[in-house]
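**Student:** One structure is given below, represented as structure tokens, and several questions about it will come after.
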Amino acid sequence: MVKEIICTVCPRGCHITVEGDNGKVNSVKGEGCKRGLDYATAEFIAPVRILTTLVKINGKENELLPVRSNKPLLKEKLFDCMAEIKKVSVNLPVKMHDVIVKDICGTGVDIVATKSLN
Amino acid sequence: MYNIKCDVAIVGGGPAGLAAAVSAKENGAEKVLIIERDSSLGGILQQCIHPGFGLTRFKEELTGPEYYSRFTAKTDELGVEYLLNSMVLEVDSENKQVICTNSEYGLTTVSAKSIVLAMGCRERTRANIVVPGTRPAGLYTAGSAQRLINRQNIMVGKKVVILGSGDIGMIMARRMTLEGAKVVMVVELMDYLAGLTRNRVQCLDDFGIPLKLAHTITAIEGKERVSGVKIAPVDENKKPIKEKEEFVECDTVLFSVGLIPENELTKKAGIEINRVTNGPTVDQYMQTTAPGIFACGNVVHVNDLVDNVSKESEVAGKYAAEYALGTLTKTVKEVAVQVGRNVRYLCPHKLNIGDKEQKVTLYFRVLFPENNVVLRALDGDKKIAKKKELRVNPGEMCSITVDALKITSNAITVEVVKEA
Ligand SMILES: Cc1cc2nc3c(=O)[nH]c(=O)nc-3n(C[C@H](O)[C@H](O)[C@H](O)COP(=O)(O)OP(=O)(O)OC[C@H]3O[C@@H](n4cnc5c(N)ncnc54)[C@H](O)[C@@H]3O)c2cc1C
Ligand code: SF4
């Protein structure tokens, strides 16, 4: 499998071509530096992203609580996690970094508040 | 009329105002007052729930609220005062007064020894760019859609086309996709991306959202609600190629076509406005052409990274405090700052050099993307600073630092040249 990956580590944005199979990298081409090599390798094997979204607040129509994953999540899990988060609604008060969903979808990652609300 | 006295008055409680307030306090100003029209502090970052803030400053990827909370914790600790729900109507630069309407006190006058303008920016709208067609419902600027969705829990549409590849538009593309909307495409007039590459990868590519470079929207259709848009590629002169026009179905169009400094108050105060940035002309202290009136953040020039805003605002806060205390260095020489090859604008626009040693960082944007370049600062025709960059592009701010006391001529020029 060949994947083209745009490096986001620095503004140069090198287009890096990675070739490999089943989570194993055989060759990397086009990286401008070592940091890009590491990024592209990780991105090829298992791309991860921080997920941010909003959670409903009980008794409030026009306000939502901003939340994030406390660690990056596997990219392919983002929509599953969104579906889980949509089921939740919280009671105030909430403090910043309070855990809203523990171990979301069995990923070992927690969804936490990014704001304190009273 | 209600009267308040303070040393440094700050108009706007976004990241710029907050950083200026912290720095003014830390540099000896006693009574520092932030005047904010919203009911809470944090400015635009309150609606920026996405990550990507603070990578340079805190070496962490924070969300908007997490980023400004670090500053509000500081302003609370240092005893900065706030006047919330207060819309500033006028800044009197002569008498150093700020006139505002406050929800509790009514019309209020704040008298200060120095003032910092930190009102941020606003979005360019369809009127500024003119897309022909009717005016059905479903047209939003990307930032107003962001506010509706993130702060007011109102979903704006199901099938979306975004005009402009600015950061806010791309971030909204991801946001709406995660919420279950279909983002059909992002259409960009230029043949390069307007925003950060990171946002293209994580907001568009991740979700398979097509980016149409060198394309534009030629018409918006629909009677009551948007039913679709016509898009077409553009030629070298940015003119749409009519024969290649096609119809794209959608119920919502977001405009992410740039930001302009909020400059009404600045203009009314008789402060000189820079023609390229649309913000006030400032020197290295972030002082405007009105003595004792400073400015920082997006009200001066539109920043892509809040980290730069904080840094620049700390400069404004420091010197606003010095001005209030009467310790700001007297100017012995004025030096113009000029744009050279592939530089669109520079900030500060001029240097008021005193007799103390001072390192000055000049921030600038390039006109077009380029690889393997050298950024240079020239004093007359003598090179006084240089820095290599692998890549520069208009979407990302560049900077170069010079030693102000070493400047001998009356003008320095910053240029971007190809590496020899
Ligand atoms: C939608 C969006 C997404 C962004 N995404 C990122 C990102 O991912 N990463 C990043 O680093 N940067 C990002 N930025 C940039 C960053 O948020 C800004 O550079 C930063 O917020 C600018 O700070 P500011 O204080 O100058 O302006 P603002 O945050 O706009 O604050 C200005 C404040 O002044 C107040 N004000 C204005 N006029 C008056 C008046 N007349 N009276 C009283 N108060 C007034 C406003 O209410 C507001 O609170 C983004 C910007 C936007 C708009
Ligand atoms: S590979 Fe290196 S030079 Fe290229 S974008 Fe990534 S970090 Fe920058």
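**Student:** Roll a 1.4 Å probe over the protein chains and send me the accessible area per residue for chain B in Å².
**Tutor:** 41
**Student:** Taking all protein chains as present, what is the carbon and sulfur share of the accessible area of the protein assembly as shown, in % to the nearest whole number, probe 1.4 Å?
**Tutor:** Roughly 50 percent, rounded to a whole number.
**Student:** Let me ask you something else. Could you calculate the FRET efficiency of residue B:409 with residue B:329 from 1/(1 + (r/R0)^6), where r is the beta carbon distance between them and R0 is 22 Å, rounded to 0.05?
**Tutor:** 0.60
**Student:** Also: Among A:62, A:27, A:48, pick out the residue whose Cα is farthest towards the positive end of the charge dipole of segment A:15-83, where Lys and Arg carry +1 and Asp and Glu carry -1 on C-beta, about the Cα centre.
**Tutor:** The one lying farthest along the dipole's positive direction is A:62.
**Student:** Could you size up the charge dipole of chain B around its Cα centre, putting +1 on the beta carbon of Lys and Arg and -1 on that of Asp and Glu, and report it in debye to the nearest 20?
**Tutor:** Numbers: 53 positive and 51 negative charges, 129 e Å.
In total the dipole reaches around 620 debye.
**Student:** Taking the alpha-carbon distance from residue A:29 and a cut-off under 19 Å, which aspartates and glutamates remain once sequence neighbours fewer than 8 residues away in the same chain are dropped?
**Tutor:** Correct list for residue A:29: A:4, A:19, A:21, A:38, A:43.
**Student:** Also, quick follow-up: Across 10 Å bins from 0, what is the distribution of all Cα-Cα pair distances for the protein assembly as shown, in whole percents?
**Tutor:** 4, 17, 26, 27, 19, 7, 1, 0
**Student:** With +1 on each Lys and Arg Cβ and -1 on each Asp and Glu Cβ, how big is the dipole of segment B:330-420 about its Cα centre, in debye rounded to the nearest 20?
**Tutor:** Roughly 40 debye for segment B:330-420.
**Student:** Right, another one. Is segment B:259-334 best put as rounded, prolate or oblate by its Cα gyration tensor, with a ≥ b ≥ c the root eigenvalues, rounded for a/c under 1.5, and otherwise prolate when a/b is larger than b/c, oblate when not?
**Tutor:** The shape class here is oblate.
**Student:** Would you please give the residues with an amide H less than 5 Å from that of residue B:358, counting only those at least 5 places away or on a separate chain, with H modeled from the backbone geometry?
**Tutor:** B:404, B:405
**Student:** Something else now. List, in order, the whole-Hz ³J(HN,Hα) value for each residue of segment B:332-346 obtained from phi through the Karplus relation with A = 6.51, B = -1.76, C = 1.60 and θ = phi - 60°; use x for Gly and Pro.
**Tutor:** 9, 8, 9, 10, 7, 10, 10, 7, x, 4, 6, 10, 7, 8, 10
**Student:** Cut-off 10 angstrom, C-alpha nodes, Gaussian network model of chain B. Which of B:269, B:29, B:377 fluctuates the most?
**Tutor:** Maximum fluctuation in the GNM of chain B, among the listed residues, is at B:269.
**Student:** Would you tell me the mean number of C-beta atoms belonging to other protein chains that fall within 10 Å of each C-beta in B:65-72, as a whole number?
**Tutor:** 3
**Student:** Leaving out ligands and nucleic acids, and using a 1.4 Å probe, what accessible area per residue does segment A:52-113 come to in Å²? Walk me through the numbers on the way to the answer.
**Tutor:** Numbers: 3250 Å² over 62 residues.
Averaged over the residues of segment A:52-113, the accessible area is 52 Å².
**Student:** Apply the a/c threshold of 1.5 to the C-alpha gyration tensor of segment B:125-257 and tell me whether it is rounded, prolate or oblate. Write out the running numbers ahead of the final one.
**Tutor:** Working: a/c = 1.69, a/b = 1.17, b/c = 1.44.
Here segment B:125-257 falls in the oblate category.
**Student:** Arranged from highest to lowest average of other beta-carbon atoms within 10 Å per residue, in what order do the peptides B:382-392, B:198-208, B:297-307 appear?
**Tutor:** Highest mean packing first, the order is B:297-307, B:198-208, B:382-392.
**Student:** Cross-link candidates for residue B:31: which lysines have Cα within less than 17 Å, leaving aside residues fewer than 8 places away along the same chain?
**Tutor:** The qualifying lysines are B:5, B:74, B:96, B:113, B:318.
**Student:** Next up: When the dipole is taken about the Cα centre of the protein assembly as shown, and only Lys, Arg (+1) and Asp, Glu (-1) are charged at their Cβ, what size is it in debye, to the nearest 20?
**Tutor:** Working: 71 positive and 65 negative charges, 96 e Å.
Using Cβ point charges on Lys, Arg, Asp and Glu, the protein assembly as shown gives about 460 debye.
**Student:** OK, next. Could you tell me how many degrees, from 0 to 90 and to the nearest 10, lie between the Cα long axis of helix A:34-45 and the main elongation axis, the longest principal axis, of the Cα atoms of chain A?
**Tutor:** It is inclined by approximately 70 degrees.
**Student:** Also, quick follow-up: Using the scaling law 2.2 N^0.38 Å as the reference, what is the normalised Cα Rg of segment A:52-113?
**Tutor:** 1.06
**Student:** So how much slack lies between residue B:249 and residue B:26, counting 0.36 nm per residue of separation and subtracting their Cα-Cα distance, in nm?
**Tutor:** Computed gain between residue B:249 and residue B:26 is 74.8 nm.
**Student:** Work out how much length residue A:96 to residue A:15 would gain on full extension: take 0.36 nm times their residue separation and subtract the Cα-Cα distance, in nm to one decimal.
**Tutor:** Fully extending the segment from residue A:96 to residue A:15 adds 25.4 nm.
**Student:** Per residue of segment A:100-108, in order, report the coupling 6.51 cos²θ - 1.76 cosθ + 1.60 (Karplus, θ = phi - 60°) as ³J(HN,Hα) in whole Hz, putting x for Gly and Pro.
**Tutor:** 9, 10, 8, 6, 4, 6, x, 8, x
**Student:** For a distance above 15 Å, tell me the whole-number percent of Cα pairs in segment B:330-420 that qualify.
**Tutor:** 55
**Student:** Check cross-link reach from residue A:86 to the aspartates and glutamates: straight Cα distance under 12 Å, and skip same-chain residues fewer than eight apart.
**Tutor:** B:179
**Student:** Rounded to a whole number of µm²/s, how large is the Stokes-Einstein D of segment A:2-45 at 25 °C and 0.890 mPa s, given Rh as the Kirkwood radius over C-alpha pairs? Please report the intermediate quantities before stating the final value.
**Tutor:** Numbers: Rh = 10.0 Å.
Stokes-Einstein gives a translational diffusion coefficient of 245 µm²/s.
**Student:** Taking a ≥ b ≥ c as the square roots of the eigenvalues of the Cα gyration tensor of chain B, is the shape rounded (a/c under 1.5), prolate (a/b larger than b/c) or oblate?
**Tutor:** oblate
**Student:** Let me ask something additional. Probe radius 1.4 Å, ligands and nucleic acids left out: can you give me the accessible area buried at the A-B interface, summed over both chains, in Å² to the nearest hundred? Before the final figure, lay out each step's value.
**Tutor:** Numbers: alone 7600 and 18610 Å², together 23650 Å².
About 2600 Å² of accessible surface is lost on pairing.
**Student:** First measure r as the distance between the Cβ atoms of residue A:103 and residue B:239, then evaluate 1/(1 + (r/R0)^6) with R0 = 60 Å and state the FRET efficiency to the nearest 0.05.
**Tutor:** 0.60
The values are calculated or read from the model by the stated rules, or taken from the named source; none is laboratory data. Everything numeric here is computed off the predicted structure, so don't read it as measured data. Using ideal geometry, Cβ is built from the backbone for each residue, glycine included, and neighbour counts are taken over all protein chains shown. With ligands, DNA and RNA removed, areas are computed over all heavy atoms of the protein, side chains included. Shrake-Rupley method; radii C 1.70, N 1.55, O 1.52, S 1.80 Å.
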